[in-house]
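Would you mind keeping the following structure in view while I ask a few things?
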Amino acid sequence: MFNATNFIIDKVRRVTRVNLTSGDVDFTLTSIANPQIEFTGESTDKTDAYGTLLARFDTAKGVNFSGEASLLSLDLMASQLGTEVDVADASNKLTGKVFETLKVVTSGDPATKTATLTHTPKTAPAKIYVLAEDKTIADTIAIGAEAGDASISGKVVTLPDSFTGTMIGVLYEYETDSAVKVIDGSENFAEAAEYIVDILAADVCNPASKRAGVIVFPKAKIDNNFSITLTTEGTHPFGFTALKDYCSDDAELCYILFNE
């Protein structure tokens with residue numbers, strides 16, 4: 001009979017979010033840093049006339065799990081923001097906006113000065129920004145049909161003969177059928193879900209013997225307060241709090257299970 005009660009935690013292998021309505025897996029996270037489970041409680045004290053503690057009555061319990069995904073996860077971010085990841089395709093183009101810096105190329109005879117955008121603008125921009133050597137804005141050139149104006153056709157920007165710089169900047173909106181997008185809306189909030197935390201542990205008497213364990217939160221709410229450091233060393237922190245199922249007989253917050 002398997003009756004081990006002491007384990008050496010190796011790592012959290014995975015955190016999985018399950019949709020409470022459909023029962024489908026919304027997403028799964030791997031490579032979790034700093035995983036932590038916190039069991040909390042509240043109580044009310046009864047003292048006598050001299051302030052001596054006579055009794056302590058427990059009134060509430062709670063469970064919180066937190067960790068940091070090693071990678072930026074748009075699925076996790078969407079759940080925290082109460083929205084979904086929008087995936088573009090031919091029938092669902094997404095709109096983006098960019099200030100793109102481009103190197104000007106001179107070619108042909110007569111010589112023509114051009115630069116090529118990454119995307120085709122939805123609407124032709126009104127001006128081109130001339131960039132100095134340190135990439136700051138030094139001047140602007142109007143886009144139009146007058147002498148000294150720049151022109152744009154598709155992705156190609158043509159500069160006037162009077163242009164003497166080497167770099168330009170272009171601010172424009174574009175549509176794409178090859179992108180993913182997450183929107184943070186002021187009216188969108190995270191929904192409750194089931195969370196499954198997969199743990200790998202070792203037998204305390206034989207560390208070479210690995211044990212698979214899970215912490216299951218049948219119903220929990222993810223925290224919508226989070227900060228992401230946008231650097232290589234940055235992580236994607238998250239946390240969720242167990243919720244009581246008001247219609248359940250046992251009021252289970254979570255359970256921990258290890259297999260032989």
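Examine segment 32-46 for a residue that is outside any strand (DSSP E or B), more than 15 Å from TYR195 (Cα to Cα), in contact (Cβ under 8 Å) with a residue 40 or more places away in the chain and out of contact with any Cys (no Cβ under 8 Å at 6 or more places or on another chain), and state whether such a residue exists.
Looking through segment 32-46, none of the residues is outside any strand (DSSP E or B), more than 15 Å from TYR195 (Cα to Cα), in contact (Cβ under 8 Å) with a residue 40 or more places away in the chain and out of contact with any Cys (no Cβ under 8 Å at 6 or more places or on another chain).
Assess whether ALA124 counts as being at pLDDT below 95, of a type in the set (A, V, I, L, M) and not assigned by TED's automatic domain parsing to the domain that holds THR231.
In short, yes.
Can PHE57 be described as in a strand (DSSP E or B) and either outside the structural domain of ASP26 (by TED's automatic domain parsing) or under 30 Å from ALA192 (Cβ atoms) (or both)?
Yes, satisfied.
I'm checking my understanding of the structure. Among residues of segment 1-31 that are part of a loop (DSSP other than H, G, I, E, B) and either among the hydroxyl-bearing types (Ser, Thr, Tyr) or within 23 Å of GLU191 (Cβ to Cβ) (or both), which one is modelled with the lowest pLDDT?
By that ranking, first place goes to THR5.
Write out, first by first residue and then by second, each pair whose Cβ atoms fall under 8 Å of each other, whose residues are 6+ apart or on separate chains, and whose first residue, in segment 153-166, is among the hydroxyl-bearing types (Ser, Thr, Tyr) while the second is surrounded by 15 or more Cβ atoms within 10 Å (Cβ to Cβ) and in a loop (DSSP other than H, G, I, E, B).
Hits for this filter: THR166/VAL104.
How many of the residues in segment 67-91 are among the aliphatic types (A, V, I, L, M) and either touching a helix residue (DSSP H, G or I) at 6+ places or on another chain (Cβ under 8 Å) or not in a helix (DSSP H, G or I) (or both)?
Qualifying residue count, segment 67-91: 7.
Exactly one condition in (1) of a type outside the set (S, T, N, Q); (2) out of contact with any Ser or Thr (no Cβ under 6 Å at 6 or more places or on another chain); (3) touching a residue at least 40 places away in the same chain (Cβ under 8 Å) is false for ALA49; which is it?
In the conditions (1) of a type outside the set (S, T, N, Q); (2) out of contact with any Ser or Thr (no Cβ under 6 Å at 6 or more places or on another chain); (3) touching a residue at least 40 places away in the same chain (Cβ under 8 Å), ALA49 misses (3) alone.
Count, please, the residues in segment 92-141 that happen to be more than 16 Å from VAL157 (Cβ to Cβ), outside any strand (DSSP E or B) and free of Cβ contacts under 8 Å to residues at least 60 places away in the same chain.
The qualifying residues number 7.
When you scan segment 144-250 for strands (runs of 3 or more DSSP E) that lie fully inside it, which ones turn up with 3 or more residues that are outside the structural domain of PRO110 (by TED's automatic domain parsing) and crowded, with 17+ Cβ neighbours inside 10 Å?
192-203, 206-222, 236-242
Against the condition at pLDDT 95 or above and of a type outside the set (Lys, Arg), how does GLY108 come out, does it pass?
Taking the combined requirement at face value, the residue does not satisfy it.
The values are calculated or read from the model by the stated rules, or taken from the named source; none is laboratory data. These numbers were taken from a predicted model, which means no experiment stands behind them. Note: ideal-geometry Cβ built from the backbone for every residue, glycine included; neighbour counts use all protein chains shown.
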